[in-house]
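Structure first, then comments.
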């Protein structure tokens, strides 16, 4: 397997690269990343010298260079994670989400389709795995779960761009016979997440003793998935999933945002008593963001039934490990924010 991971210097990507290089699963691993604010080489310093690892600083919007990378490294498998992913940024600046998430995915699909024509005719194993989000399904009420057949109903420029790229991948499978799989995951958390998402933002606010902004009434519900468990699921789908299928990946951890914030306050108070305690007093409710989906909940029974994957971490264990990691890695936080 000559594996291409896009966005390998980002949050999920760097955890995935590190996890795969700790095994003998791949002959060659190429990390394609254009190093936006959320992609940082420091995330992979500990594996950069592995002889199986190659880094390509490439923007997916540069079609000619994407073609060159796929051809030059004779890529046989793709894990496509690279994307603009922060909903708030998509509201204030949607253009990058359209060009990166849609056009970038198209460029990668075209590069693979062209390079794999002969390989597919010869029966050689190739596969394109597109990593997406549960946000493409829209918003749930108080009950129910997203399944692989839930109609798409994206409500933000970010989720609309991911829904579009999902549809492109589907079209390339049905039109050109490209061997593809898609995964739609719930909210990831864990080490190396850029401090713009809820959990690392709250931790940094707590350490600085600054107000913690909570949108609306704080009762928007998300399903939380520890990033290491997600990486295991991605590998299972890449290597064992049925071509043309979609798999939902969830953590079985539904929780309102306010409860997450309160739990983080309590954990930081426990681990850093020198800060003075009573961190819940820093919670500050702010105006809700536009198009804020009320509830996401994943039905992950297909991947559990068909591929035998289940999350290994209980939320209480994963969130404690995450808080400890950020407290112990403040130099990393300062470095990535300094960029």
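Every number here is computed from the coordinates shown, using simple stated rules; none is lab data. The structure displayed is predicted, hence computed values, not measured ones. A quick note on method: Cβ atoms are made from the backbone with ideal geometry, for glycine too, and the neighbour counts reach across all protein chains shown.
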Just subtract the alpha-carbon distance of residue 321 and residue 208 from 0.36 nm times their residue separation and send over the number in nm, one decimal. 38.7 nm
Selected from 286, 261, 169 as most flexible by GNM, with the chain as the system and alpha-carbon contacts under 10 Å: 286
Tell me the angle of helix 315-328 to the major Cα principal axis of the chain, expressed in degrees between 0 and 90 and rounded to the nearest ten. 80 degrees
Please label the shape of the range 1-70 as rounded, prolate or oblate, based on the square roots a ≥ b ≥ c of the eigenvalues of the alpha-carbon gyration tensor (a/c under 1.5 means rounded; beyond that, a/b larger than b/c means prolate, else oblate). oblate
The range 15-83 versus the range 308-339: alpha-carbon centroid distance in Å: 22 Å
Under the rule rounded for a/c under 1.5, else prolate if a/b exceeds b/c, else oblate, using alpha carbon gyration tensor axes a ≥ b ≥ c, the range 37-122 is classed as oblate
Please tell me the relative contact order of the chain in percent, rounded to the nearest whole number, where contacts are Cα pairs under 8 Å and at least six residues apart. 18 percent
Expressed in angstrom and rounded, the centroid-to-centroid distance over alpha carbons for the range 221-276 and the range 127-160 is 17 Å
Taking only Cα atoms, what is the 0 to 90° angle, nearest 10, from helix 63-72's long axis to the longest principal axis of the chain? 70 degrees
Identify the residues of the range 238-270 with backbone N under 14 Å of a label point that sits 7 angstrom from the Cα of residue 25 along the Cα-to-Cβ direction, or state none. 238-241
So for the range 185-252, using the alpha carbon gyration tensor with a ≥ b ≥ c as root eigenvalues (a/c under 1.5 gives rounded; past that, a/b versus b/c decides prolate or oblate), I'd call it prolate
Grab the Cα-Cα distance for residue 328 and residue 52, subtract it from 0.36 nm times how many residues apart they are, and report the gain in nm with one decimal. 96.4 nm
Could you calculate the contour length gain from residue 64 to residue 92, that is, 0.36 nm times the residue separation minus the distance between their Cα atoms, to one decimal place in nm? 7.1 nm
Which one, 17, 227, 69, has the greatest fluctuation when you compute a Gaussian network model over the chain with C-alpha springs under 10 angstrom? 69
Mind checking which of 283, 12, 319 has the largest fluctuation in a GNM of the chain, springs on alpha carbons under 10 Å? 283
